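**Q** One structure follows; several queries about it will come next.
The values are calculated or read from the model by the stated rules, or taken from the named source; none is laboratory data. These numbers come from a predicted model, not from an experiment. We place every Cβ from the backbone using ideal geometry, glycine too, and count neighbours over all the protein chains shown.
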Amino acid sequence: MIRACRSDEVKIVGVPMEDTLSFKPGTRFAPAKVRQILPYLEYNTVFGNAESPCDAGDAELLRGAPSENLAGVERLLKSLGPPWIMIGGEHTATLAALRALRPKTYVHIDAHMDTRDEWPPGQKLSHATFARRAAEELDLYIIYIAVRAFDDEELRYARSSGFYVVEGNRKISRSQVLDALSTSSGTVYVSLDLDVMDPAEFPAVGTPEAGGLTFRELEGIYVDVLLATRPPAVDIMEYSPINDHADIGGAKVVRLMLTAARILSAVTPRRSV
């Protein structure tokens, strides 16, 4: 149920943005599907039960106007303040969150690096370029976790920028992830693109890539990332309900969201009302 949230509550914010998709449509329906599923689950996480986050509603968007939409999402997130969990929507919306929070370190869990200079050719702002725009604009340090589908130029750019890359084209160990996270500093923002999972297990994304993590592998990595970095806010992006058979993926999204809510609520000091 959408209601006014206290400033210290963990808030879910829907961003049904889908302006620059490349392949399968449907991510704009993710916030609504998450709300549909949420009341019927047991609120379980690896830490036990979690409270359902306060629902702050959806950002108001203009279809096909990515720059204007990013500005509106940034204003909304600034007005709400962390802790928040942003539910997308295409991954471009993460740029608005980074502008709102202005972290020093950005952890990017994704099949893709999203650091192309242009995609498609001639387009500077899209779901495949936003991380590059963020690095240029905000002077971020980026940690990539489990990326497995990228252009050679993106990888050169990341390495020349001094970013940490944990590739996902082979088995990832927990020590690799923790070593990567040990290089973070300052305020950290964590973004999860669900296409990091194997499409055989989670096909409900806009740009599926062969291979990838199982849900259990992702859940373990996600918990490690959140506990190691203690971010004030996170997002979960690119869930596409129209590509989700029997809401199987949606149940996984909700569990990840509740895990994040449990950890964010523990990190955020509670204030008396």
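**Q** Can you tell me which of Asp151, Asp179 is exposed (fewer than 15 other Cβ atoms within 10 Å of the Cβ) and either at pLDDT 95 or above or not small (Gly, Ala, Ser) (or both)?
**A** Only one candidate qualifies: Asp179.
**Q** Could you figure out which of (1) surrounded by fewer than 24 Cβ atoms within 10 Å (Cβ to Cβ); (2) on the phi > 0 side of the Ramachandran plot; (3) within 16 Å of the chain's Cα centre (by Cα) isn't true of Ala246?
**A** Failed condition: (3).
**Q** Let me ask another. Output the residues belonging to the stretch 157-213 that are small (Gly, Ala, Ser) and closer than 21 Å to Ala134 by Cα.
**A** Ala158, Ser160, Ser161, Gly162, Ala180, Ser184, Ser185, Gly186, Ser191
**Q** Restricting the search to the stretch 225-247, which residues are touching a residue at least 40 places away in the same chain (Cβ under 8 Å) and assigned to a helix (DSSP H, G or I)?
**A** Within the stretch 225-247, Val225, Ala228, Thr229, Pro241, Ile242, Asn243, His245, Asp247 meet the criteria.
**Q** While we're here: How do the pairs read when you match residues in the stretch 5-26 that are in contact (Cβ under 8 Å) with a residue 24 or more places away in the chain with residues anywhere that are basic (Lys, Arg) and part of a strand (DSSP E or B), using Cβ under 6 Å and keeping only pairs 6 or more apart or on different chains?
**A** Pairs found: Cys5/Lys11.
**Q** Output yes when any residue across the stretch 140-157 is among the small types (Gly, Ala, Ser), without any contact (Cβ under 8 Å) to a residue 24 or more places away in the chain and closer than 20 Å to Thr20 by Cβ, and no when none is.
**A** Within the stretch 140-157, not a single residue is among the small types (Gly, Ala, Ser), without any contact (Cβ under 8 Å) to a residue 24 or more places away in the chain and closer than 20 Å to Thr20 by Cβ.
**Q** How about the stretch 119-129: which of its residues are surrounded by fewer than 24 Cβ atoms within 10 Å (Cβ to Cβ) and at pLDDT 95 or above?
**A** Answer for the stretch 119-129, where residues must be surrounded by fewer than 24 Cβ atoms within 10 Å (Cβ to Cβ) and at pLDDT 95 or above: Lys124, Leu125, Ser126, Thr129.
**Q** Name every residue in the stretch 23-47 that is modelled with pLDDT under 90 and within 20 Å of Asp244 (Cα to Cα), in order of residue number.
**A** Leu41
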